[in-house]
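Bear in mind that the values in this text are calculations on the coordinates, not laboratory data. Remember, it's a predicted structure, so these values are computed and weren't measured experimentally. Glycine also receives a Cβ, built like all others from the backbone with ideal geometry; neighbour counts cover every protein chain displayed.
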Amino acid sequence: GESVGLHLPTLSVQEGDNSIINCAYSNSASDYFIWYKQESGKGPQFIIDIRSNMDKRQGQRVTVLLNKTVKHLSLQIAATQPGDSAVYFCAENFSGNTPLVFGKGTRLSVIA
Amino acid sequence: EPEVTQTPSHQVTQMGQEVILRCVPISNHLYFYWYRQILGQKVEFLVSFYNNEISEKSEIFDDQFSVERPDGSNFTLKIRSTKLEDSAMYFCASSEARGWSNQPQHFGDGTRLSIL
């Protein structure tokens, strides 16, 4: 039978290269966005967030870019390491502690 | 670093049986959530809980589901009569309350629920 939902977009990068993971979000009213990393058998782990009044935010080795005009979010990982291999999800919500809406996820595979 | 903890890590239950999934949110957090993730699919919201009552719930959260905060530390999800399609990873999350300021939700490692 058809394995609906088991295929994730995959990004393969060489260790040490930069990675860019993209996400198109759905709700123009969303004003808060989070990137999560999910390793096999674990829960989503918070990486970085950004509010809609910003277009860029940097963390340790990670940068999130927000383009509200086209409803696009990206996560840049500098000097990608084997430990960065995981599925990455973007999530959005608005106005306080409301439910998160998750994107489909991208599998990042780091080649040593 | 404080974390959300969930028990059990894996629960196997016969269809039609009741199951209770347990969570201990981060201690100074006041918002609690349950999400689920069917194998290979994206994470879906079930319910949020604040000030001892449900804040929001999704269409998935029907009458078979209930949540409770029985004491000052635990937050539970009960499924009264499990169905095969309830098989999934169930994640608990919590976040701080700072007025209307968005706060990140922090997730536990989940309970894998397998219905036979």
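Short version: ³J(HN,Hα) in whole Hz for each residue of the stretch B:24-35, in order, from phi by Karplus 6.51 cos²θ - 1.76 cosθ + 1.60 (θ = phi - 60°), x for Gly and Pro, what are they?
Working through the residues one at a time gives 10, x, 5, 5, 9, 8, 10, 9, 10, 9, 10, 10 Hz.
Give me the distance between the Cα centres of the stretch B:1-52 and the stretch A:39-112, rounded to whole Å.
22 Å
With only Lys, Arg, Asp and Glu charged, each at its Cβ (+1 for the first two, -1 for the last two), find how big the charge dipole of chain A is about the Cα centre; round to the nearest 20 debye.
200 debye
From a point 7 Å beyond the Cα of A:Ile20 in the direction of its Cβ, which residues of the stretch A:64-82 have a backbone N at a distance under 18 Å?
A:64-81
Quick one: dipole size for the protein assembly as shown, taken about the Cα centre, charges +1 on Lys/Arg Cβ and -1 on Asp/Glu Cβ, in debye to the nearest 20.
320 debye
Can you pull the mean other chain C-beta count within 10 Å for peptide A:45-52?
Mean shielding by partner chains, rounded to a whole number: 2.
Along the charge dipole of the protein assembly as shown, which of A:Thr98, B:Ile26, B:Tyr50 sits closest to the positive end, that is, farthest toward it, with unit charges on the beta carbon of Lys, Arg, Asp and Glu (+1, +1, -1, -1)?
Result: A:Thr98, furthest along the dipole toward the positive end.
Of chain B, which part is the longest with no trypsin sites (Lys or Arg not before Pro) in a loop (DSSP not H, G, I, E, B) and with at most 14 other C-beta atoms within 10 angstrom?
Result for the longest clean stretch: B:1-79.
Once label points are set 7 Å from the Cα along Cα→Cβ at both A:Asn27 and A:Ser109, what is their separation, rounded to one decimal in nm?
It is 3.4 nm.
How large is the charge dipole for the stretch B:1-94, taken about the Cα centre, if only the Cβ atoms of Lys, Arg (+1) and Asp, Glu (-1) carry charge, to the nearest 20 debye?
Once rounded to the nearest 20, the dipole reads 140 debye.
Count neighbours as other Cβ atoms within 10 Å of each site's Cβ, and list the GluC sites (Glu not before Pro) in the stretch A:1-104 that are DSSP loop with at most 11 such neighbours.
A:Glu2
Can you tell me which aspartates and glutamates have their Cα less than 19 Å from the Cα of A:Lys37? Leave out same-chain residues fewer than eight positions away.
A:Glu15, A:Asp17, A:Asp49, A:Asp84, A:Glu92, B:Glu1, B:Glu3, B:Glu44, B:Asp109
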